[in-house]
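One structure is given below, encoded as structure tokens.
The values are calculated or read from the model by the stated rules, or taken from the named source; none is laboratory data. All figures in this text were calculated on a predicted structure; none of them were measured in a lab. Please note: Cβ atoms are built from the backbone with ideal geometry, for glycine as well, and neighbour counts cover all protein chains shown.
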Amino acid sequence: MTTRSIENLPWVEKYRPSAMSDIYGQKEIVVTLEKFVDEGKLPHLLFYGPPGTGKTSTVLAMAKRIYGPQHYKSMILELNASDDRGIDVVREQVKNFASTMQIFNKGFKLIILDEADSMTNVAQNALRRIIEKYTKNARFVILANYAHKLNPALLSRCTRFRFQPLQESAIQERIKYVCEKETLKVSEPATDALLKLSKGDMRKSLNVLQACQSALDDPSNDEVTKEMVYECIGNANPDDINSLLDSILKEDFTTSYLYFEKVTKSKGLAIIDILSGIIEILDSYKLKPQTRVKILKRLSEIEYGISKGGNTKIQSSAVIATIKDAMVGEAY
Ligand SMILES: Nc1ncnc2c1ncn2[C@@H]1O[C@H](COP(=O)(O)OP(=O)(O)OP(=O)(O)O)[C@@H](O)[C@H]1O
Ligand SMILES: [Mg+2]
């Protein structure tokens with residue numbers, strides 16, 4: 001790839017770990033896999049866990065380690081199991097790929113099956129036989145978000161690795177590296193907000209960071225702020241929610257209703273975002289248990305209503321009314 005085309009890549013691709021040592025926050029998995037590779041004893045593998053935690057990156061880095069950066073591409077076959085063409089296409093592709101020999105042969109090729117948890121049970125059964133048939137020539141790496149959606153017979157043929165949501169420290173370290181490379185300045189509160197909102201998903205953190213950078217007027221001088229992070233991620237800024245809650249608790253109904261409208265309009269937020277923001281902040285309030293239960297119960301009913309459509313005016317009024325009503329007599 002030319003330097004220019006690398007420059008234009010989204011950061012998630014530009015900063016995809018190229019070696020196994022660049023995988024952050026999954027140390028035990030990486031160490032075990034390196035051992036398998038270096039001893040030449042690679043079993044079939046299953047990587048499962050939430051999005052953006054390094055499953056695809058790990059398998060690609062592992063392939064580079066096995067076959068070398070020049071040849072790895074011709075030694076791996078990437079299939080998406082959720083492809084609606086079905087298991088027959090998978091079978092055919094595996095057959096064609098696994099039966100052709102390569103000059104740089106390490107004894108086996110690597111077949112990566114992404115989104116295996118979206119396969120039907122019938123397809124998973126067929127896959128199990130395909131794995132058995134080609135074990136001599138190929139190792140399968142199955143990628144999934146949820147292991148419980150996979151057939152036990154399929155699971156038992158693979159060595160399982162659970163990818164945990166990444167620790168904030170791992171994401172922080174990676175972000176720091178990316179910001180240095182991109183000469184991007186990010187304020188401390190913005191970093192904290194980014195780490196909190198990414199919830200262990202490195203892809204999300206990099207995408208938000210890149211969106212924030214492109215929103216800067218002068219990226220080489222300006223700094224990414226906490227407000228920008230919230231705006232790019234589409235979540236409500238806790239400062240706005242706090243002032244909204246303040247208004248609900250201290251002002252009359254009409255004033256707080258108008259304020260509610262103003263916040264949703266000016267920040268481009270939906271009621272559902274405000275609702276999630278309120279619930280998160282109420283977590284930090286000291287409330288009587290029965291008050292908390294009452295609020296959460298009613299807010300969850302409103303949330304359900306929102307998911308079914310309905311009238312936003314009634315819903316926002318209901319949010320205000322719920323909080324006003326439940327908080328009477330509370331010292332918050
Ligand atoms: N552990 C990690 N260390 C460094 N970068 C990571 C890590 N996990 C994810 N990333 C970054 O996030 C991007 C997406 O990661 P990846 O494709 O490996 O996620 P995934 O676990 O396969 O997610 P999905 O379940 O959605 O397929 C990568 O290109 C990389 O830039
Ligand atoms: Mg993936």
Output the number of the condition that His148 fails; it satisfies all remaining conditions of (1) under 22 Å from the mean Cα position of the chain (by Cα); (2) modelled with pLDDT of 95 or more.
(2)
Taking the stated definitions as given, is Pro43 in contact with a strand residue (DSSP E or B) (Cβ under 6 Å, 6 or more places away or on another chain), in contact (Cβ under 8 Å) with a residue 60 or more places away in the chain, over 22 Å from Glu180 (Cβ atoms) and more than 6 Å from ligand 1 (Cβ to nearest atom)?
yes
Going by the structure shown, is Val94 within 15 Å of ligand 1 (Cβ to nearest atom) and not charged (D, E, K, R)?
no
Select, from Glu180, Glu223, Glu173, Glu227, the only residue that is more than 20 Å from the chain's Cα centre (by Cα), within 16 Å of ligand 1 (Cβ to nearest atom) and outside the structural domain of Tyr48 (by TED's automatic domain parsing).
Glu180
Do the conditions hold for Ser276, that is, is it modelled with pLDDT under 95 and part of a loop (DSSP other than H, G, I, E, B)?
no
Can you confirm whether segment 302-315 contains a residue that is within 17 Å of Lys250 (Cβ to Cβ) and not aliphatic (A, V, I, L, M)?
no
Quick one: count up the residues across segment 159-202 that are under 30 Å from Arg128 (Cβ atoms) and buried (at least 21 other Cβ atoms within 10 Å of the Cβ).
1
Elements of type helices (runs of 4 or more DSSP H) in segment 130-221, at least 1 residues being within 16 Å of ligand 2 (Cβ to nearest atom)
202-215
I'd like to check something: does segment 292-301 contain any residue that is in a helix (DSSP H, G or I), polar (S, T, N, Q) and within 15 Å of Asp240 (Cβ to Cβ)?
no
